[in-house]
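Before any comments, here is the structure.
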Amino acid sequence: MLRSLRREWQLLRARPWDAAMVSWVPLLAMALLCWIFSSGQPYRLPIAVWNEDHSALSRQLERMLQATPGLEVRAAVQNAQEAAHALQRMEVYGVVHIPADTMRDVKRGGSATVTLLHNAQLGTASSLLQRDLKQVVGTLSAGVEMQARAKRGDPQQALQVRMEPIRTQLLALFNVSTNYEQFLTAALVPALLHVLAMTAGAWSVGRELRDRSVGQWLRPAGRPAGALQVLGALAGKLLLPAALLWASAQACLLYLAEVRGWTVAGSMAWISVALAALVLLSLAMGAALAAVTLSLRTALSGAGLLSAPAFAFSGVSFPLLAMGTGARDWAESMPYTHYARLQLEQWQMGAPIAHSLPVVCGLLLATLVLLAVSTAGLLRGLKHPEKWGAR
């Protein structure tokens, strides 16, 4: 194992770009993720207003829209064609349409409809626009109704009860501020780590096959290699990428916890242990693909196929319980799904370590199984030197 570790260190020193892919490139990519979501919440989403009423009430609605932190009235459109062009050119995320005679209908005791034209394909922006517009219009509508009732002599206290006889109390237990940095950045960093580690495992082993150096790696003196020797050489090869990738991800998580102030409710040390287990399993998955297929190209393709969609199936972005049976089974078979649940339990929920213990044990057990598969594949590969050198 030590000989293989020294050999891998020499290879990385001789190949700067190989070293970059397990050192400063992952760190730079994770830092970019932290910077992207550093604002925490989307603010000042651009919208346009299509005001056909031009009354005091419609101007008040425009002022309230502009005063809402999540919205910014970027433009005023005069007709449906201008509204469509603004949405199609992505100049605004939505257009608020105030129909003609809105104030007249309200004064007569009738109702008026304010319409939001938005692109629902942009799910996050669309939901935020709908939420903010409902709040603004609801506040304005309640104010108009209370003024009308007050003019008719209704008491102030009675007005509040009549306007809202049943109230809703929403208690957020975790991520109270609904901050994207707290739950999304912390989840994306290990997701990116999973992709990079699996690719590194496939590359480290597949590179030896491509360069026809498997014999030099596993049989340095020409002696027959046994299972334990191959397993030790494999562990030595993967140890350096594992340490570098884990350190990069751990630095980003500590930055979020210590610098950005997202206090860990549970155990940061246990998250670090689980993160190390995820790195080891990801490397073992990539190594197993290369060892079984004896092809660098196939191993890299398989690594991308398995690791790239892991975040989408983890339950962080789309609810796991809302998935179909096949999608849920696929999600449960992916290691990142289980790590993401552990990190959420420890970081935000403060769950006991015993509750998360099976996840770490499962990741480590799967790592041992995949290392055994990789060892068997490499032993088979040693007997077929005609397959060395293939891409």
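The values are calculated or read from the model by the stated rules, or taken from the named source; none is laboratory data. Note that the structure is a prediction, hence the values are computed from the model and not measured. Backbone-built Cβ (ideal geometry, glycine too); neighbour counts: all protein chains shown. Heavy atoms of the whole protein, side chains included, go into the accessibility calculation; ligands, DNA and RNA do not. Shrake-Rupley method; radii C 1.70, N 1.55, O 1.52, S 1.80 Å.
Observations on the structure shown:
- Tally of residues being under 17 Å from Arg44 (Cα atoms), open to solvent by less than 70 Å² (accessible area, probe 1.4 Å) and out of contact with any Lys or Arg (no Cβ under 8 Å at 6 or more places or on another chain) across the stretch 77-116: 6
- The set of residues from the stretch 85-103 being touching a residue at least 12 places away in the same chain (Cβ under 8 Å) and more than 30 Å from the chain's Cα centre (by Cα) comprises Val96, His97, Ile98, Pro99, Ala100, Asp101, Thr102, Met103.
- Leading residue by the ranking (least open to solvent (accessible area, probe 1.4 Å)) among those in the stretch 121-141 that are farther than 20 Å from Leu57 by Cα and of a type in the set (Ser, Thr, Tyr): Ser126
- Here Ala265 does not qualify as assigned to a helix (DSSP H, G or I) and under 26 Å from the mean Cα position of the chain (by Cα).
- Out of Ala288, Ala265, Ala242, Ala251, sole residue that is out of contact with any Cys (no Cβ under 6 Å at 6 or more places or on another chain), open to solvent by 40 Å² or more (accessible area, probe 1.4 Å) and within 22 Å of His194 (Cα to Cα): Ala251
- Yes/no for Leu140 being farther than 26 Å from Ser317 by Cα and either of a type in the set (A, V, I, L, M, F, W, C) or not in a helix (DSSP H, G or I) (or both): yes
- Restricting the stretch 208-232 to residues that are open to solvent by 60 Å² or more (accessible area, probe 1.4 Å), in a helix (DSSP H, G or I) and not hydrophobic (A, V, I, L, M, F, W, C), the residue that is modelled with the highest pLDDT: Gln229
- Hits in the stretch 53-76 (condition: loosely packed, with under 14 Cβ neighbours inside 10 Å, small (Gly, Ala, Ser) and touching a residue at least 12 places away in the same chain (Cβ under 8 Å)): Ala56, Ala76
- Here Asp101 meets each of (1) on the phi < 0 side of the Ramachandran plot; (2) out of contact with any Pro (no Cβ under 8 Å at 6 or more places or on another chain) with one exception, condition (1).
- Filtered by the rule that a residue be surrounded by 14 or more Cβ atoms within 10 Å (Cβ to Cβ) and modelled with pLDDT of 90 or more, the stretch 369-391 gives Leu370, Leu371, Ala372, Val373, Ser374, Thr375, Ala376, Gly377, Leu378, Leu379.
A quick yes/no check of all residues on (1) free of Cβ contacts under 8 Å to residues at least 24 places away in the same chain; (2) more than 22 Å from Pro358 (Cβ to Cβ); (3) touching a Pro at 6+ places or on another chain (Cβ under 9 Å):
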| position | (1), (2), (3) |
| --- | --- |
| Gln250 | no, yes, no |
| Val264 | no, no, no |
| Leu278 | no, no, yes |
| Arg297 | no, yes, no |
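- Entry remark, the stretch 175-207: residues being part of a helix (DSSP H, G or I) and of a type in the set (Ser, Thr, Tyr) number 4 in total.
- Of the helices (runs of 4 or more DSSP H) lying entirely inside the stretch 293-365, those containing at least 2 residues that are farther than 27 Å from Leu254 by Cα and either open to solvent by less than 50 Å² (accessible area, probe 1.4 Å) or among the polar types (S, T, N, Q) (or both) are 296-307, 325-333.
For (1) of a type in the set (Lys, Arg); (2) within 17 Å of Ser4 (Cβ to Cβ); (3) out of contact with any His (no Cβ under 9 Å at 6 or more places or on another chain), each residue gets a yes or a no:
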{"residue": "Gln229", "(1), (2), (3)": "no, yes, yes"}
{"residue": "Leu234", "(1), (2), (3)": "no, yes, yes"}
{"residue": "Leu239", "(1), (2), (3)": "no, yes, yes"}
{"residue": "Val259", "(1), (2), (3)": "no, no, yes"}
{"residue": "Ser267", "(1), (2), (3)": "no, no, yes"}
{"residue": "Ala276", "(1), (2), (3)": "no, no, yes"}
{"residue": "Val279", "(1), (2), (3)": "no, no, no"}
